[in-house]
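Shown next, in structure tokens, is the structure this report addresses.
The values are calculated or read from the model by the stated rules, or taken from the named source; none is laboratory data. Here the structure is a predicted model, which means the values were calculated and not measured. When we count neighbours, we look across all protein chains shown, and the Cβ atoms used for this are built from the backbone with ideal geometry, even at glycine.
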Amino acid sequence: MKTRIALMVLATVIGLQLTGPGCADAQQPAADVPKDEVLQRFVGAWDLKSTHKPAKWHPDGAESTGKESTVWALKNRVIMIRDVSSPDGRKGLYIATHDPQQDAYRFWGFDSHGLLGGEWLLKWNAEASATIGRATDLPRGWTSGGQNRFPDGNTNLVSFWIRDDTGALLLDGSGRKDRLPAAREAAIVAEWKKHEPPTDLPAELKVLGRMIGEWDTVTVQRPAEWTPAGGRSTAKITREWILNGRFVMDTSTHSSGDESIAILGYDPGQKTYRSWWFNSLGHRNDSRGQWDEASKTLAYQSKLEDGKAMRSQVRFADASQEVWQFQVTDADGKVYLEMEITATRRPAND
């Protein structure tokens, strides 16, 4: 059952739900869970002051100021941190959740300057009143460290560093966050949402632009190992550009009442489309994909536990319809899940 429930993450950008025999847990609507006490310390509106010491990525050092809004999302499963800094105009988005298996906190970071899902794993140190940890997606041999220390309920002292495999210091930063009145949050979010695309956006992002808008989806599951009776479900989706057009954010509400968030982007270094998905049942996943212009198809792949693999693709039939196909197989080719999802663009006046 653990594997089947984890595979609710298959709908990286569509928001499907598993139904049918053997998936009873997946059919239970997610209720609001108790707010994690550590993540609650991050919630609120904040004034930011940051300093980068001279290092390879900031050879002359740098200082910045900014504002931040942190709120609960996905029925208290995650927090969403949105910040805006100056004078560089950078906008950031961070999603954090508690990982009960490791009793740790996972953070994913995105920004308007090209940060793509940077991952950190932090643990709570009650004696220091701090989350302390490291980046977990760095190249082999690189080292890192970081913490958020809360000396009181209105202050967050941040520090972080990264070294490459030669020991060279790439990044060495620190900052202070001071709590602002809650009434300031709306203005911070409004500033964060302003769409100001830079001139250096990868041309490949135009593919994701096809997804922008409001959509209704119908999912049809074919009989397979995990869904022997098949099934049907629906969802409503909103997709919009964020972080100055660097990413697409997908927010979905399922017919079961569950919710999901997906972040989609393009990695020019690895020449691949990437997506990160989170839902209100506590599941998450990331996928990588390639675009085929001739067939107007974006195909994703993701490795699952137990050696299984998920393959999905979306074909843009026209400007108002997407057709998704998903399949999960093992190394022997046995099919565990197979489904098709049709997404129809909602008329603008609905």
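Details
- Cβ separations smaller than 7 Å between residues 6+ apart or across chains give the following pairs from the stretch 111-126 residues that are farther than 23 Å from Trp192 by Cβ and aliphatic (A, V, I, L, M) to residues that are at pLDDT 95 or above and not in a strand (DSSP E or B): Leu121/Thr136.
- Some residue of the stretch 295-312 being among the aliphatic types (A, V, I, L, M) and loosely packed, with under 13 Cβ neighbours inside 10 Å: no
- Pairs where the first residue, in the stretch 194-223, is over 21 Å from Pro268 (Cα atoms) and the second is in a loop (DSSP other than H, G, I, E, B) and not small (Gly, Ala, Ser), C-beta under 6 Å, 6+ apart: Glu214/Arg346; Asp216/Arg346; Thr217/Ile14; Thr219/Leu16; Gln221/Thr227
- Test: residue in the stretch 140-149 that is of a type in the set (Val, Ile, Thr) and modelled with pLDDT under 95: no
- The stretch 72-108 - residue that is among the hydroxyl-bearing types (Ser, Thr, Tyr) and in contact (Cβ under 8 Å) with a residue 60 or more places away in the chain and, of those, farthest from His52 (Cα to Cα): Thr97
- All positions within the stretch 59-81 that are in contact with an Asp or Glu (Cβ under 7 Å, 6 or more places away or on another chain), of a type in the set (D, E, K, R) and not in a loop (DSSP other than H, G, I, E, B): Lys67, Glu68
Okay, residues lined up against (1) modelled with pLDDT of 95 or more; (2) within 24 Å of Gly257 (Cα to Cα):
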{"site": "Leu10", "(1), (2)": "no, yes"}
{"site": "Gly15", "(1), (2)": "no, yes"}
{"site": "Gly22", "(1), (2)": "no, yes"}
{"site": "Gln27", "(1), (2)": "no, yes"}
{"site": "Asp32", "(1), (2)": "no, yes"}
{"site": "Lys53", "(1), (2)": "yes, no"}
{"site": "Gly66", "(1), (2)": "yes, no"}
{"site": "Ser69", "(1), (2)": "yes, no"}
{"site": "Arg77", "(1), (2)": "yes, yes"}
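Residue-wise test of (1) in contact with a helix residue (DSSP H, G or I) (Cβ under 9 Å, 6 or more places away or on another chain); (2) modelled with pLDDT of 95 or more; (3) surrounded by fewer than 21 Cβ atoms within 10 Å (Cβ to Cβ).
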{"site": "Leu205", "(1), (2), (3)": "no, yes, yes"}
{"site": "Thr217", "(1), (2), (3)": "no, yes, no"}
{"site": "Pro228", "(1), (2), (3)": "no, no, yes"}
{"site": "Glu240", "(1), (2), (3)": "yes, yes, yes"}
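- Which listed residue, of Pro202, Pro198, Pro228, is within 30 Å of Lys56 (Cα to Cα) and in contact with a Pro (Cβ under 7 Å, 6 or more places away or on another chain): Pro202
- Verdict on Gly269 being exposed (fewer than 15 other Cβ atoms within 10 Å of the Cβ), touching a strand residue (DSSP E or B) at 6+ places or on another chain (Cβ under 9 Å) and closer than 27 Å to Leu115 by Cβ: yes
- Being at positive phi and not hydrophobic (A, V, I, L, M, F, W, C) is a property that does not hold for Gly153.
- Any hit, the stretch 145-157, residues being among the small types (Gly, Ala, Ser), assigned to a strand (DSSP E or B), under 23 Å from the mean Cα position of the chain (by Cα) and assigned by TED's automatic domain parsing to the domain that holds Gln101: yes
- Of all the listed residues (Gly66, Gly61), the sole one being without any contact (Cβ under 8 Å) to a residue 60 or more places away in the chain, more than 14 Å from the chain's Cα centre (by Cα), closer than 17 Å to Asp172 by Cβ and outside the structural domain of Met249 (by TED's automatic domain parsing) is Gly61.
- First in the stretch 332-346 and under 8 Å from Glu322 (Cβ atoms), second anywhere and exposed (fewer than 14 other Cβ atoms within 10 Å of the Cβ) and β-branched (Val, Ile, Thr), Cβ under 7 Å, 6 or more apart: none
- Thr166 closer than 25 Å to Glu63 by Cβ, in the same structural domain as Glu63 (by TED's automatic domain parsing) and of a type outside the set (A, V, I, L, M, F, W, C): no
- For the stretch 83-110, the tally of residues that are crowded, with 20+ Cβ neighbours inside 10 Å and either modelled with pLDDT under 95 or among the charged types (D, E, K, R) (or both) stands at 2.
- Residue in the stretch 71-82 that is farther than 16 Å from Val158 by Cβ, exposed (fewer than 13 other Cβ atoms within 10 Å of the Cβ) and in the same structural domain as Thr166 (by TED's automatic domain parsing) present: no
- So Leu201, is it surrounded by 13 or more Cβ atoms within 10 Å (Cβ to Cβ) and out of contact with any strand residue (DSSP E or B) (no Cβ under 6 Å at 6 or more places or on another chain): yes
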